[in-house]
Structures are given as C-alpha cells and as structure tokens.
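One structure below.
The values are calculated or read from the model by the stated rules, or taken from the named source; none is laboratory data. A quick note: this is a predicted structure, and the numbers were derived from the prediction, not measured. All Cβ positions, even for glycine, are placed from backbone atoms using ideal geometry, and neighbour counts span all protein chains on display. What goes into the accessible areas is simple: the full protein's heavy atoms, side chains included, and nothing from ligands, DNA or RNA. Shrake-Rupley method; radii C 1.70, N 1.55, O 1.52, S 1.80 Å.
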Amino acid sequence: MLPGGGARGAYQVGVLKAIMDMMPTGFRFPIINGTSAGAINATVMASHARRQRYGAKRLEYFWRNIHCDDVYRTDARCVFKTMARVVGSLFFGRLGLQPPKSLLDNTPLQQLLQRELKLAQIQEAIDEGFLTGLSITASSYDTAMAKCFFQGNQAINPWQRTRRVGLRERITVNHVLASTALPFLFPAQRIGYEHYGDGGLRMTAPLSPAIHLGADRILVIGTRDESPIETPRKVTEYPSMGHLGGYLLDTIFMDMLMADLSRLQRINRTLKLIAPEKREEYSLRPINTLVIKPSRDVREITAQYAPEIPGPVRTLLKMIGGWGKDWRMPSYLLFEPEYTGALIDLGYADARSQAAEIKEFLN
C-alpha cells in the first residue's frame, strides 16, 4: 500500500529498494495499491511484477534524476501568467475573466509517464500469474466518490460501498494522472464523463482496495512521521492559504490512512473473540499490517533543500504564503535530485533498521 505524498513518494522507493536487497531473490508483492505519487510507484512495480527487484531499481533511477520541470512547468512565463490570472479574476471576474484551472501545469508529467510507464506489461504479468492485481484510486469531483480502478485476475469482483467503488479497468496514464492531481496545484483529469482529482480526497478507507484484491497482509509505506508537534507557547501567525494547502495535503495523504489502520486493529481484536466457523460464515478474516514511515520529520529535510525549487515557483509559493514556516507545501513540490535522493536514503536506512521485523512479516 503506497499512499500519496508528492515528492515525498521518493521515500517509498528507498524502502522498496531495501526490501528487495534484504529478501531472497524472487520475492514479489502480488497485490499493489497506490494513490497519488504512490500510484506512480505502484504502477512501475506492477509493470515489473516478474522482476520487482528491477522495478525498484528503475524507480530509484527515476527519482534520483527527476527535476521539477519534469513534473510541472517552471518557466517564468507560465507561472507568472497563472499568477496574473489569479489576481485578474478577483478584480475582473464579473467581466468573464476566469481563474486558472490550477496553480501549476503538469503537462510535463503526462509526457514523462507516457514515455516511461510500461503499461502493457501489467496484463502480461497478471496472465502469467506473477501479479494478482494493481489498484489506483482517484476521486470524482462530479459524483463525490472515491473510485478504485483495478486491473487484476478474474477472481476479483468489483465492489461498492458508501462513497467508494471498485471498478475493473485496464490502467492507463490517465488513471495515474487522475490519482496524482493534487487539489488546487494540478488540474483535474477527465476519465469518461467525469473529472478526477487526487485519490486521497474521498477515500475514507484507504486499506479497503488491498483487502478487496485479496490481501491478508498489508505493508504500508507512509510518507510522514507521526511524532507529535510541539504545542505553541505564544500566539502564532494566522494561517496563510499556502499553510492551509499544505495542512490539507497532510490530512488527505496520511490522516485517513492512520484512522483506517486503527479501525482495522480494532476489528482484528474483535475477530479473536469470534469462533472460526462464524468468521467463515460471514467471510471475515484478520488482516495483519506493518507500517514503515519516516524516522525524521520530512519538513526538516525540505527546509534544507527548498532553495532548489525554481525561482518562479518559489515566487508563486511566497505569494500564497506557502514558503517557509512549516515547509509542508514545498515538501510535496520539491522534485529535485538532492531532495528526492535524501528521502530515498532515509527510506533505505529506516527499512534496514527494521529488517528483522520486515522479514518476519513478509515471510
């Protein structure tokens, strides 16, 4: 299970690299689920289900060589045009001047994914039995539902729950782009007749796709540490638009996941009190989980490398109050090699420090 996190998704690559190094040759994840940046990582690992060790190496090369302009346009003309439209729409909206669809143009990401993803290999891996299923979650702005698009073997059935459904479809670049469409930052992606945004927006049960695909053990690679934040001892600055945006992204990617993990643990404890025959009668089964998350506050690392963000984008972030202070928003947009490389190294070190626990869980 690979949740979102924008540029923080590089951390997941370090963990995957460590797992492939510490586990025997031939180890593979048969069920892979991704949201937002995690959808990119999940798709690459699924497309290399025959040799996931090679898939992890491809991901490492991808993330260690990525730049902001590989993901969104950073040229001054494009960024300042967006800023002008934001300001202009406030004063001339009555005259028909519309605000921009998003703060950033992610056309470069679309071109990158079309060039790099080997989507045809996903179905080949399913047909040959190397992969049970891949799921990518996106949120429909039109129906206010979380839609989990999955590609898997015929034993997997579509599902429908309150505000979330599972749909069998062949995964395309559009599905990945829809799942990575960070609200406000990137434009919505159209699939069929609906417009979609980041998969974490409406997914109230992030673990459910993996369970529907048949998992009984779920390894979750998070993108945020869970250490408590110190309570302020004096009145702080009023939260800016950028601060609120970063706060929203944090909530989308990790808060609902942690809540779902707590709910799953309560269900597991309840199942221990139910007789085995009753569990089978109601198709209930315990689901074991292991969570790996950063041992450091990613925002501290962001502060160190933030100046690498191209100047026009820094200006835009400063304009909306998203620069400095807690560094949340830049942590999602800092697609530069030194920063992503530092996160890969952190993920690798964190996984190696939990090697015994990981091996026991995966074995």
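If you go through the stretch 102-116 and pick out every residue that is under 16 Å from Asn41 (Cα atoms) and open to solvent by 20 Å² or more (accessible area, probe 1.4 Å), you end up with 4.
Would the stretch 274-292 turn up any residue that is open to solvent by 20 Å² or more (accessible area, probe 1.4 Å), among the polar types (S, T, N, Q) and within 22 Å of the chain's Cα centre (by Cα)?
Taking every residue of the stretch 274-292 in turn, at least one turns out to be open to solvent by 20 Å² or more (accessible area, probe 1.4 Å), among the polar types (S, T, N, Q) and within 22 Å of the chain's Cα centre (by Cα).
Can you run down the residue pairs with Cβ atoms below 7 Å, 6 or more apart or on separate chains, where the first is in the stretch 231-250 and closer than 25 Å to Gly5 by Cβ and the partner is exposed (fewer than 13 other Cβ atoms within 10 Å of the Cβ)? If the second residue must be exposed (fewer than 13 other Cβ atoms within 10 Å of the Cβ), no pairs are left. If you go through the stretch 311-347 and keep only what is in a helix (DSSP H, G or I), open to solvent by less than 30 Å² (accessible area, probe 1.4 Å) and at pLDDT below 90, you end up with Leu316, Leu317, Arg328, Met329. Can you go through Gly34, Gly9 and tell me which one is within 17 Å of Asp345 (Cα to Cα) and open to solvent by less than 20 Å² (accessible area, probe 1.4 Å)? None of the others qualify; the one that does is Gly9. Assess whether Asn65 counts as being open to solvent by 40 Å² or more (accessible area, probe 1.4 Å) and among the polar types (S, T, N, Q). Criteria met by Asn65.
When Ile171 is tested against (1) surrounded by fewer than 19 Cβ atoms within 10 Å (Cβ to Cβ); (2) touching a strand residue (DSSP E or B) at 6+ places or on another chain (Cβ under 8 Å); (3) in a loop (DSSP other than H, G, I, E, B), just one condition goes unmet, and that condition is (1).
Results for (1) within 23 Å of Pro239 (Cα to Cα); (2) of a type in the set (A, V, I, L, M, F, W, C); (3) in contact with a strand residue (DSSP E or B) (Cβ under 9 Å, 6 or more places away or on another chain), shown as yes or no for each residue.
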{"site": "Leu271", "(1), (2), (3)": "no, yes, no"}
{"site": "Ile292", "(1), (2), (3)": "no, yes, yes"}
{"site": "Arg296", "(1), (2), (3)": "no, no, no"}
{"site": "Ile309", "(1), (2), (3)": "yes, yes, no"}
{"site": "Leu316", "(1), (2), (3)": "yes, yes, no"}
{"site": "Gly321", "(1), (2), (3)": "yes, no, no"}
{"site": "Trp327", "(1), (2), (3)": "yes, yes, no"}
{"site": "Tyr339", "(1), (2), (3)": "no, no, no"}
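Counting only helices (runs of 4 or more DSSP H) that sit wholly inside the stretch 1-73, those with at least 3 residues that are of a type in the set (Gly, Ala, Ser) are 10-22, 37-47.
Identify the residue in the stretch 129-156 that is in a loop (DSSP other than H, G, I, E, B) and β-branched (Val, Ile, Thr) and, among all such residues, is least open to solvent (accessible area, probe 1.4 Å).
Taking the stretch 129-156 and keeping what is in a loop (DSSP other than H, G, I, E, B), we get 129-132, 141-144, 153-156.
Keeping just the survivors that are β-branched (Val, Ile, Thr) gives 132, 143, 156.
Numbers: Thr132: 38, Thr143: 54, Ile156: 10 Å².
Here the residue is Ile156.
Return yes when Ile19 is β-branched (Val, Ile, Thr), over 17 Å from Ala355 (Cβ atoms) and touching a residue at least 12 places away in the same chain (Cβ under 8 Å) and no when it is not. No, not satisfied.
In the set (1) within 20 Å of the chain's Cα centre (by Cα); (2) loosely packed, with under 13 Cβ neighbours inside 10 Å; (3) closer than 18 Å to Asp216 by Cβ; (4) not basic (Lys, Arg), the condition left unmet by Thr251 is number (3).
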